Amino acid sequence: MIESNRLTEKQYKDNFSDIHPPFENKTAAQVDANRCLFCFDAPCTKGCPTSIDIPKFIKQIANDDIKGSAHTIFKSNIMGAGCSKVCPVEKLCEGACVYNLLEEKPIPIAKLQRYATEKAMTNQWQFFSRKAAAGKKVAIVGAGPAGLSCAHVLSREGVDVTIFEKEKKGGGLMTYGIAAYKVTPEFCEDEVNYILAIGGIEIKYEQELGKDFTLAYLKKNYDAVYLGMGVGVARQLNIPGEKLEGVVDAIRFIYDLRDKGFPSIPVGDHVAVIGMGMTAIDAATQAKRLGAKKVTMLYRRTQEEMPCTQVELDIAKLDGCEIIWLASPQRVKGSKGKVKQLVCSKMKLGEPDTSGRRSPIDTGETFTLDVDMIIKAAGQVPYEKIVTKYKLDNKYGKITINEQCATNIKGVFAGGDAVNGGKEVVDAVQAGKDGAKAILKFLKIA
């Protein structure tokens, strides 16, 4: 039976407390900072999509120059504080640390990055200022990482920026689509305000492209446009029974958790989660932490092909989530309009295709799970209707851009998940930087 308010306030607080707590004090941070070998041509920096000078900011922490360290980080990644909490560092900077080759624990880069950036945000240290007004106006669609990053770079060059955001708050999936034990909505709001403190950036909330304004309006009233609206349409399973009560989409489930608070969100006793990406992990672990008695994750391939990292999978396992590999949903059975069972096909992997990827093949065998809630986390798809409506060149809804981040429409640029279909927050931040650089060149400012 799906219920809400099943835990005490203390249980909610404990279940959703910070999964990666910060350093307790300066000494603890400096001990780890002094382990760093400060590599020349550092592989950790190469592993960071925004190219933060990691050895430099760590050495600054070791030397107790926290302001300098935060500046080094923010110079490359204005959302460095948020990224320190949500980046899958095990496959980026920390995964590239040379200590891994020595079979020792890598430098806790994310934790050190958090140490410096949170101090900067708490103390409101501002490292950037606007140049004289450039006399140009740019519109940005989407106040997520790509849009905010683009806006900050443009504002530093004296450009006036207006961001149109369909939600009530900025931050994109950082605010609405990530597990609360990684980053809280309150932190996301603080980060957005910190970015906006530079001035010259206005966010118009609850303004949706195609509903409240058009692309033609933006082109007419602004000197350039940047599309950073991300992705947000849940991929459907297209199986019988998908519309039954109790079948929900993972992004909506996580969104409601972030927007309405834990006690008001209903969760089943026996929950099935379809998918094995980061969003699937976040949905599964949070369902368990909300009080679900049993959570089962299903993935149609094997562990070797899973899109999430081993670290993320381990979080789900530690929370008691069960995993069934080589399983694909076939149909949902219900009673009186509510979900009761999930019928799944047993899969096997076929021969590798030209890309080396092995596709799942139905064996013809099935099994059934008794469930009262199903969370769909099979990925998101781009806003294809909007993209097509405005005649933007695209590939299955993903906006096509050239090396200058430009679309086929003059003066309209794009980046982030709207272009790549969905990567990490740090990739979106870099896309925003690249977009801003291209816009400045287009406006003949830089």
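The values are calculated or read from the model by the stated rules, or taken from the named source; none is laboratory data. Note that the structure is a prediction, hence the values are computed from the model and not measured. Reconstructed Cβ throughout: ideal geometry from the backbone, glycine too, with neighbour counts over all protein chains shown. We work out accessible area using only protein heavy atoms, side chains counted, and drop any ligands, DNA or RNA first. Shrake-Rupley method; radii C 1.70, N 1.55, O 1.52, S 1.80 Å.
Packing-based ranking of 92-100, 278-286, 259-267 yields 278-286, 92-100, 259-267, ordered from highest to lowest mean Cβ neighbour count within 10 Å.
Excluding ligands, DNA and RNA, the accessible surface per residue across segment 88-156 is 42 Å² with a 1.4 Å probe. Alpha-carbon geometry of the chain: the Rg and the Dmax are 22.6, 68 Å, given in that order.
Please say if segment 370-420 is rounded, prolate or oblate, where rounded means a/c under 1.5 for a ≥ b ≥ c the square roots of the C-alpha gyration tensor eigenvalues, and otherwise the choice is prolate for a/b larger than b/c and oblate otherwise? It comes out prolate by the Cα gyration axes. Sequence gap at least 6, Cα distance under 8 Å: using those rules, report the relative contact order of segment 145-290 to the nearest whole percent. For segment 145-290, the relative contact order is 28 percent.
Taken per residue, the accessible surface of segment 319-446 reaches 53 Å², heavy atoms only and a 1.4 Å probe. The distance from the alpha carbon centre of segment 1-55 to that of segment 125-162 is 28 Å, rounded to a whole number.
Here the chain is assigned +1 on the Cβ of each Lys and Arg and -1 on the Cβ of each Asp and Glu. Its dipole about the Cα centre then comes out at about 1040 debye. The trypsin sites (Lys or Arg not before Pro) of segment 293-333 meeting both criteria, a DSSP state outside H, G, I, E and B (loop) and at most 13 other C-beta atoms within 10 angstrom of the site's C-beta, are Lys293. Could you sort out which of Lys336/Lys395; Lys211/Lys410; Lys105/Lys293 sit more than 31 Å apart by Cα distance in this structure? Pairs exceeding 31 Å: Lys336/Lys395; Lys105/Lys293.
Averaging the sequence gap over all C-alpha pairs within less than 8 Å and six or more residues apart, then dividing by the number of residues, gives the chain a relative contact order of 18 percent. Between Thr368 and Lys10, residue separation times 0.36 nm minus the direct Cα-Cα distance comes to 125.3 nm.
For segment 342-446, the list of chymotrypsin sites (Phe, Trp or Tyr not before Pro) that fall in a loop by DSSP and count at most 15 other C-beta atoms within 10 angstrom reads Tyr396. With the highest mean first, a sort of the peptides 323-330, 309-316 on other beta-carbon atoms found within 10 angstrom per residue produces 323-330, 309-316. A P(r) calculated from all alpha carbon pairs of segment 139-218, with 10 Å bins opening at zero, reads 19, 50, 27, 4, 0 percent. Taking every Cα-Cα distance in segment 1-155 and sorting them into 5 Å bins from zero, the calculated P(r) comes out as 2, 8, 16, 18, 17, 12, 10, 8, 6, 3, 1, 0, 0 percent. Legend: residue pairs Lys260/Lys423; Lys13/Lys59; Lys169/Lys423; Lys376/Lys437, Cα-Cα distance threshold 28 Å; pairs beyond threshold, Lys13/Lys59; Lys376/Lys437. Taking only protein heavy atoms and a 1.4 Å probe, the accessible area of the chain is 49% carbon and sulfur.
Computed over protein heavy atoms with a 1.4 Å probe, the accessible surface of segment 159-208 works out to 37 Å² per residue. If you plug the beta carbon distance of Lys293 and Asp259 into 1/(1 + (r/R0)^6) with R0 = 25 Å, you get a FRET efficiency near 0.50.
The trypsin sites (Lys or Arg not before Pro) found in segment 403-446 that occupy coil by DSSP, while having at most 14 further C-beta atoms within 10 Å, are Lys410, Lys423, Lys444. Among 62-74, 188-200, the peptide with the highest mean count of other Cβ atoms within 10 Å heads the list, and the full ranking is 62-74, 188-200.
Computed about its Cα centre, the charge dipole of segment 1-117 is approximately 240 debye, with only Lys, Arg, Asp and Glu carrying charge at their Cβ. Averaging the sequence gap over all C-alpha pairs within less than 8 Å and six or more residues apart, then dividing by the number of residues, gives segment 1-155 a relative contact order of 22 percent. Under the rule a/c < 1.5 gives rounded, and otherwise a/b versus b/c splits prolate from oblate, where does segment 1-55 land using the Cα gyration tensor? Here segment 1-55 falls in the oblate category.
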